[in-house]
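The values are calculated or read from the model by the stated rules, or taken from the named source; none is laboratory data. As the structure is a prediction and not an experimental result, all values here were calculated from the model. Neighbour counts are summed over all protein chains in view; Cβ atoms, including those assigned to glycine, are modelled from backbone coordinates with ideal geometry.
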Amino acid sequence: MKRFLLAALLLLCQSGAQAALKVVTTTPAMAALTRAVGGEHVQVSTLVGNDRDAHMLQVKPSMMRAVRDADLVVAVGADLEAGWLPEVLASAGNPRVQTGRPGHFEAAMQVERLPDPPSSGFSAHLHRYGNPHINLDPLRMAQAGESLARTLAGLDTAHADDFHRQAAAFRAAVEARLPVWRESLKGAQGAVLYHRDAVYLLDRFGLKLLGTLEPVPGVPPTANHLRELAAQLQGQKGVIVQAPWHAPDGPRQLSELTGLPIRILPLDPPADADGQAYLRLIDAWVEALAAGGTP
Amino acid sequence: MKRAALLLLPLFSPLALAEFQFQPSVFLDGAWYGDSVHGEGNNMILNSPGLQNTHAHGGDEHDHAGGGHNHGTDVREGLNLRYAETTLYGLLPGVFDTRTNITFSPRAGEVSVEEFWFRSLGLPAGLQVKAGKFLSDIGYLNNQHPHQWDMADAPLAYQLLLGGALNQTGVQLNWTPPLPWYTRLGMEISQGENSGYASVMGPATLHHEHEEEEQGEEEPAVQVPFDSRYNGARMVTAFVKIAPEIGDDHALQLGAFWSRSRQHQELHEPHPGVNAALHGMQGSAWIAGADVVYKYDAPQAYGVGDLKIQAEYIYQNKDLRLTYHELQPGLVGQPRELRQDGFYVQAQYGILPRFTLGARYDMTGLTHEALRAGSTRGPTTPSYFEDMKRVTAALTWHITETQKLRFQVARTNAPVGVDDGAAGRVERQSFNQYYIQYQIGFGAHAAHGF
C-alpha cells in the first residue's frame, strides 16, 4: 500500500511538469476571463454551464474529479458558490486549490462590491461580502482580470509577461467598447430583473433596478407581488429581463400588466467562451436594456 | 473551538489564526404525527419481533429497544418539536475544516454531540484524514443529518440494522486517486460503539420490569456477564465510491462498504412467539452494503423537473455466543449466527416550482435468520423470522431556501408480537403513519455533499 501511494505521489509530481496550467472555473464568465488572460498557456474547463444558476447548484462527483487535478480554481467567489464549492474543494483531495492557497482565485473579492439588500432572515442569501454577481460588469471583470494575471504569473512565472499583457489587452477592449455601450443606452431607464444578478451592469451604466420578479431571493413571483410591482411601474419605461431557466409566466404577466417588453438573456457566455464572446454577451445585454428605452 | 484550532496550528502550518472562518447555523424541526395504531407506529417498527428486537446499547444513546441513534426524530401523537440542531462549521483555509453538530431532542430530553470532527485540506496526492466523532461515510444516507433527508424518517434498514446510523469516534483516511472517474476509497478505524451493530453493553445488572404490577416487591437482579474486554478501537470500516461520467446534466454514484467490529453484545428480551427467555449474546459482527444514487438536474428554476433516485442495501451478520440464558444456563457458550438485511429504493421528483414528490419502498428481513449450526451441543436447525415492508409517499414544499413543509404518508406491514397465553404468537399487521413536518434553518449553512 505504501509503495502504491508513493508511486501515485510520483505520478502526480511528474504530471506537474506541464505545458499549460489546468484551470477549473466555476462559471462560464470566469472561464472566458481566464481564457482572455491566460491565452494559450491555460487549459480551461468550467463546472457550470450558462444554462444553470450557479447559486442553486448541487455538488456533483464530476466536479470533484475536475478539481482533483487542477492547478488553479477560479471562482466568482464572495459566497456565490457557497452552497457547493466548499464541499467540492474539501472532497477533491487537492491541496493546491484550497481557499487561501495560490491556486485559489475569487474574482469578486478583487473588486469593490455593491452591498446586498438586508436579508429577511428566511433567505440563505446571506452574503457576508456583499453582492457577488460582478460578472456582468465589464470593468470590474477587467480589473479582476488584472488580479488574475498576477495569480497566473505566480503559478507560471515563465509566462508572466504574457498574462499581464493579455489582461491589459482585455481591459483595453472593454474600455474601447464602453463609449459604444454608453451611446446605445442613452435614454434607457432601467430594468426589472428576476433576481438581483445584473445589478452591477445596471449600476455601471447608471440604469435603475426597477424591481425584481422574486419577492424574496429564491421565491418565485407571486400574483400579489406582481400586482404591486405593476402598480409601482405605472408609466415607467424599461425592460423585463429573465434568464433562460426561469419560468416565463411571471415575466409575461408583468409584461401584460405594464406593457414592458421581455428579454431572455443568460447571465454567462457559453461554456467555451473567450474574452470576445464575453464582450458579445455584454453587447446582447446592452441591446436588451436599450430596447426598453423608447416605447 | 478556537482553542482547538490553536492547538492544531503548529502541526499544520504557520497560518494566522485570524484566517479562521466560522459559520454557525441552527435547524429546528417540528412535526405533527399521527398513525392508525394509537401513536404506537414507531414502537411497533422498532420492537417488531425478530432479530432487530434486541436490547442493545450504543455508546451514549438511550435504550429504546432496537433503535438507538435516531437523530432525535422520535415522535408521539400530535405536535412534536423533534429536534433543534446546531451546526458550527469552521475553516482554516487550506489547512483543515471542522464541524460540530449538537442536537437537542426534547422528546428524549437529551443533548447529544452527533459530530465533532476535523478534516485535513492540505495533504498531497489526494489523501485526506478526518478525526473525531463523525457519521461514517458508508452508504449514501449514513452521513446525512435529518434536515438533509427527503423523508421525515430514516429507511427501515438504517433504523433496524444500524440503530439509525453508523456514528463513530475514530479516524478516517481517504484517498481520491487520479482516475478518469471520480473515485474515493476510505478506511475508518473507530471505537466500535453503536446501536444495532457493534453495540457494547458491558457487564450488566438487570431488574425485571414489573415494577408497576408488583409495587414494592424487589425482583432479584440478573447478572449478565458481558465482557468488558476489547476496550479500544474495535471497528474497521472500508468504503469505495465511484462516479461514472454520464453527461453534464446527470450524475451517478455507486458505492460499496464493509465493516467489522470485534465486539458486539446484545440482550434478547422475552417476546411472545419469538423468544421465551431472556438471554445475552456476544461475539463479533460485520455489515456490508451497496448503494447507488442518480441525479438529473433539469434546466429549470426552483427544482422543476429535477430527479433523484437512490437505493441502498445493507446486510448484517453477527457471529455470537450465548453468554447468559435465564432458563437454560447449560446453553451458555453455544454459538449463534444471526443474519438480517434490508434495502430501500427512493425517488424524488420536482413536480412544480419548489414542490417535490417523493416515494420510497423499503424492507428489512429478506434474510432474517438465526443459525445454530456448527455447535456440538443443542440443535442445528435455523430459525427464520418475518420480514417488514413499508411504502412511503411525501410531498415537500420548499417554502423558501431555508424552510420546508412536508406531508408524508406511510403504510407498513410488520410482524407484531401478540401475548396469547403463555406461548404467544406473531401476527402480521398493517398500519398507517402520517407526518406534517416543518423545518426551518437560520444562518449561513455549510455546503452539503453529493
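The residue pairs whose first member lies in the stretch A:128-156 and is outside the structural domain of A:Tyr200 (by TED's automatic domain parsing) and assigned to a loop (DSSP other than H, G, I, E, B), whose second member is crowded, with 23+ Cβ neighbours inside 10 Å and of a type outside the set (D, E, K, R), and whose beta carbons are closer than 6 Å, counting only pairs six or more residues apart or on different chains, are A:Tyr129/A:Ala78; A:Pro132/A:Val76; A:Pro132/A:Ala78; A:Pro132/A:Leu80; A:Pro132/A:Ala108; A:Asp137/A:Tyr200; A:Asp137/A:Leu201.
Taking the residues in the stretch B:146-176 that are farther than 23 Å from B:Tyr294 by Cα and within 13 Å of chain A (Cβ to nearest Cβ) as candidates, determine which candidate is surrounded by the fewest Cβ atoms within 10 Å (Cβ to Cβ). Restricting to residues being farther than 23 Å from B:Tyr294 by Cα and within 13 Å of chain A (Cβ to nearest Cβ), the top hit is B:Leu173. Taking the criterion of being surrounded by fewer than 22 Cβ atoms within 10 Å (Cβ to Cβ), of a type in the set (Gly, Ala, Ser) and closer than 28 Å to A:Ala271 by Cα, the only residue of the stretch B:244-262 that qualifies is B:Gly247.
The residues on offer are B:Leu185, B:Leu179, and the sole one that is surrounded by fewer than 24 Cβ atoms within 10 Å (Cβ to Cβ), within 14 Å of chain A (Cβ to nearest Cβ) and without any contact (Cβ under 8 Å) to a residue 24 or more places away in the chain is B:Leu179.
Residues are listed down the side, and each one gets a yes or a no for (1) crowded, with 18+ Cβ neighbours inside 10 Å; (2) touching a Cys at 6+ places or on another chain (Cβ under 8 Å); (3) modelled with pLDDT of 80 or more:
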position: B:Gly374; (1), (2), (3): no, no, no
position: B:Pro379; (1), (2), (3): no, no, no
position: B:Pro382; (1), (2), (3): no, no, no
position: B:Ala393; (1), (2), (3): no, no, yes
position: B:His398; (1), (2), (3): yes, no, yes
position: B:Glu401; (1), (2), (3): yes, no, yes
position: B:Leu405; (1), (2), (3): no, no, yes
position: B:Gln408; (1), (2), (3): yes, no, yes
position: B:Asn413; (1), (2), (3): no, no, yes
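Comparison of A:Arg65, A:Arg52 shows that the only residue that is modelled with pLDDT under 95, farther than 24 Å from B:Pro124 by Cβ and touching a Phe, Trp or Tyr at 6+ places or on another chain (Cβ under 8 Å) is A:Arg52. Only residues that are more than 13 Å from chain B (Cβ to nearest Cβ), buried (at least 21 other Cβ atoms within 10 Å of the Cβ) and not hydrophobic (A, V, I, L, M, F, W, C) were counted in the stretch A:210-230, giving 1.
Every condition in (1) buried (at least 24 other Cβ atoms within 10 Å of the Cβ); (2) part of a loop (DSSP other than H, G, I, E, B) is met by B:Asn143 except one, and the failing one is (1).
Selection of the stretch B:286-336 for residues being of a type in the set (Val, Ile, Thr), closer than 24 Å to B:Gln148 by Cβ and part of a strand (DSSP E or B) yields B:Ile287, B:Val292, B:Val293, B:Ile309, B:Ile314.
Restricting attention to the stretch A:37-64 and to residues that are outside any loop (DSSP other than H, G, I, E, B) and of a type in the set (S, T, N, Q), the residue that is nearest to the other protein chains (Cβ to nearest Cβ) turns out to be A:Ser62. All of (1) touching a Ser or Thr at 6+ places or on another chain (Cβ under 8 Å); (2) more than 14 Å from chain B (Cβ to nearest Cβ) hold for A:Ala271 with one exception: (2). Beta carbons closer than 9 Å, at least 6 apart along the sequence or on distinct chains, pair a first residue in the stretch B:86-102 that is charged (D, E, K, R) with a second that is buried (at least 22 other Cβ atoms within 10 Å of the Cβ) and assigned to a loop (DSSP other than H, G, I, E, B) for B:Asp97/B:Leu121.
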